[in-house]
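Please read the structure below before turning to the comments.
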Amino acid sequence: MDISIIVPSRNEGVNVELLSERILRSMPDTVSYEIMFVDDSDDETVRRLEGLARSDSRIRYLHRDNGSGLSTAILEGFAIAQGDWFIVMDADMQHPPESLPRVIEAIRLEGADIIVPSRFIPGGSDGGLNVWRKLVSWTARMMARMSLRKVRSITDPTSGYFAVRRQAAFSKELNPIGWKILLEILARSEYNKVVEIPYSFEARDLGSSKFNWKEQANYVRHLIRLVGNSEPDLRFWKFCAVGLSGVIVNSTCYVLLVTAGLPIAYSFIIATLVATINNFTWNNTFTWKHAKTDSLWYRMLKFSIVSLGGLGVSTLVVDGSHRLLDFHYLFSGLTGIVVSTGWNFAMNSIWTFRT
Ligand code: GDD
Ligand code: MN
C-alpha cells in the first residue's frame, strides 16, 4: 500500500459520501491507497460510513464512541493505517480532493518527509474562512512561527491538510492537545525535508465548522507546551526573564544606594554593574547552561561587550526614531528596549555563549 488518506470526521453527514466520490475520481490509477475515516459522530454519519465501506474495499472507517477530539482521531488513524505515506484531510471538502494528485506528485518527486499544501504561497488561496477566522488563523500562524524554530519557514503550519511519511509520523511519541497535529509533528518529529505546495482552501458548503473558543485555548496551551519542551525555543524566554530580573536588581540597588546618601551618578553606575553581574550569572547558569566553550572570564568579557553594544545600538534607535520619525518619546523608549533585547539575545547566542 502506498498511501493512506486519513479523514477525521464528526457529524459530517452526506459530506463523507461526496468526499469519497471525489477522492476516488481524483486519485491516479497508478497509486494503491485506502481512505480511512476516523469518526466521532453521534448522528447518522456512521451509517453512511458503513455503506461506503461496503461499497468499496478501499474505504475503511473506525468509529469511536467516546472520541476525544480531532488530533487523537488522526493519531488513531496513523495507528491502523497501512500506507507508507499518510495524507490527512478534512471531511468537509474544504481541502479539495482534486488537489491530491499534486500532493502525490510532490511525494514522488521532492524527496520530502512532510508535504504541506499551503494557502499562503503563490498559487494558493484562502477563500474558505470569514474575516474573523482569517484573523484568528493569521494570529495563530504568526505565534507558531515566531516561537518555534522548526516551524519558522513554513507558511501554513496550522493546516489541517498535510502528508507525512510513515517513519516520520512514528519517529516520536506524539501527544498533541486540541487540533493542530501538524504543528506537533513539525515541532517534534524527526524528518529531513518539508515541502509546501499551493492549494486553494474552499468554503464549506454543507454542515458547520466544529471550531470554537475551546479549541483556541487548546491551541495556546499546545503551543506553550511545544515551546516548553524545546530547549532552543525556550531560551529566548529564559533570556527575557533574566533581563526582567536585571531591571528589578538595577532599580532596587539604585534606590538603596541613593537613599544611603551616595551621589546619583555613582549609584547608577554601581546598580548597573550589579545588574550586569546578575544577568551574566543567570544567563551563564540558566539560559545557556550547556554552553561552556570559553573560560568564565572570557565569557563575562564578551557579555559586557555585547551589553555595551546593545546600549549603543538601542540609543541610536531611540534617538533616531524620536528625532527623524517623530515617534513619541515613550514609544521610542519601548522600541529601544525591543531592539536591545533582540540584539543582546542574538549576539549572546552566536558569540558569548555559542554552543
Ligand atoms: N474524528 C473527529 N473528532 N473529527 C473531528 C472532530 C472530532 O472531535 N472535530 C472536528 N472534526 C473533523 C470535521 O468533521 C472535519 O472533517 C475536520 O475535522 C475539520 O473540522 P471543521 O469543523 O471543518 O474545521 P474548520 O474548517 O473550521 O478548520 C479546518 O481547516 C483549517 C484550515 O486547514 C481545520 O482542519 C483546521 O485545523 C485548519 O486550520
Ligand atoms: Mn472545515
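Read the figures in this text as sums done on the coordinates, not as results from a lab. Treat the numbers as computed from the prediction; the structure is a model and nothing was measured. Methodologically, a virtual Cβ is constructed for each residue, glycine included, from the backbone with ideal geometry; neighbour enumeration extends over all protein chains shown.
With the charge dipole of the chain set up from +1 on Lys and Arg Cβ and -1 on Asp and Glu Cβ about the Cα centre, the Cα lying farthest toward the positive end among the listed residues Ala217, Leu257, Trp288 is that of Leu257. Translational diffusion of the chain was estimated from the Stokes-Einstein equation, with Rh taken as the Kirkwood radius over Cα pairs; at 25 °C and 0.890 mPa s the coefficient is 104 µm²/s. Rounded to the nearest 500, the 222 nm mean residue ellipticity of the chain from helices alone is -17000 deg cm²/dmol, with -39,500 (n - 2.57) taken per DSSP H run of at least 4 residues. Candidate cross-link partners of Lys210 among the aspartates and glutamates, defined by an alpha-carbon separation under 14 Å and a same-chain spacing of 8 or more, comprise Glu12, Asp39, Asp40, Asp42, Asp90, Asp92.
If you take the charge dipole of the chain about its Cα centre, with +1 on Lys and Arg Cβ and -1 on Asp and Glu Cβ, which of Pro232, Ala53, Met27 is farthest toward its positive end? Result: Pro232, furthest along the dipole toward the positive end.
When both the stretch 84-111 and the stretch 14-42 are represented by their alpha-carbon centers, they are found 12 Å apart. Centre-to-centre, using Cα atoms only, the stretch 244-316 and the stretch 133-167 are separated by 37 Å. Paramagnetic label reach from Asp29 (point 7 Å along Cα→Cβ; backbone nitrogen cut-off under 13 Å): within the stretch 58-89, no residues. Projecting label points 7 angstrom from Cα along Cα→Cβ for Ser251 and Ser304 puts them 2.7 nm apart.
Within the same chain, lysines fewer than 8 places from Lys214 are excluded, and of the rest, those with a Cα less than 20 Å from its Cα are Lys134, Lys180. At a Cα cut-off below 23 Å, give the lysines reachable from Lys238, other chains included and same-chain residues fewer than 8 away excluded. Within the straight-line cut-off, Lys238 pairs with Lys150, Lys289, Lys292, Lys302.
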